[in-house]
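This report concerns only the one structure given below.
A short reminder: the numbers here are calculations on the coordinates, not readings from a lab. The structure presented is a predicted model; accordingly, all values stated were derived computationally and were not measured. Here Cβ is always computed from backbone atoms with ideal geometry, including for glycine, and neighbour counts include all displayed protein chains.
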Amino acid sequence: MDDFSDITRLLEAAGQGEQGAMDEVFASVYPRLRQIAKSRRRQWQGNHTLDTTGLIHEAYIKVAAQPGSQYSNRGHFFAVAAKAMRQVLINYAEKKNAAKRGGDADHVTLSEADAVAKDAAEELVALNIALKKLEAMSARQGHVVECLFFAGFDIAETAEALNISPATVKRDWSAARAWLYREMHGDSGGA
């Protein structure tokens, strides 16, 4: 994949304000970000027009726009990228829902219009609302969901990104999925 120590060195240089270091980070991690974006695209079934490159670039703009960002390591960078992808997808879903309900008639680019399938937009917005509630109760579980669901990380990558053990990731993922399901489907567990 990529050279972890080189990426960490570039992230440190970017944090110290070295010109062009963040662009080098982006070039180094681009294949992994593309893989992540493709996995998100497959998740929204029925939408074959997702602009993978657009999603990557929008997320990168959000990450790179954070002035003086200090990333402790490659995992931390990918955790921030996961959050950025979540924000991009949620923003597009909210725009689709607003347009569907006769909201602002602003023109959007082709990649914005196609980023999230119409059927998935409402579910994605509902998930985001539930995820915000979960994050208020357990920020770590919220981060686990971002990494596993929005960024398509595996257990080991999530553990690295969040600096926790794989066993903790598994426990948090199991608890978060159950809580999100109940929250989104109104299942009170028979009460």
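Which of K170, K95, K132 comes first, and how do the rest follow, when ranked by fewest Cβ neighbours within 10 Å? Working shown, then result.
Numbers: K170 14, K95 19, K132 10.
Listed from fewest to most nearby Cβ atoms, that is K132, K170, K95.
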Too long at a 25 Å Cα-Cα cut-off: which of K132/K170; K96/K170; K38/K133?
K96/K170; K38/K133
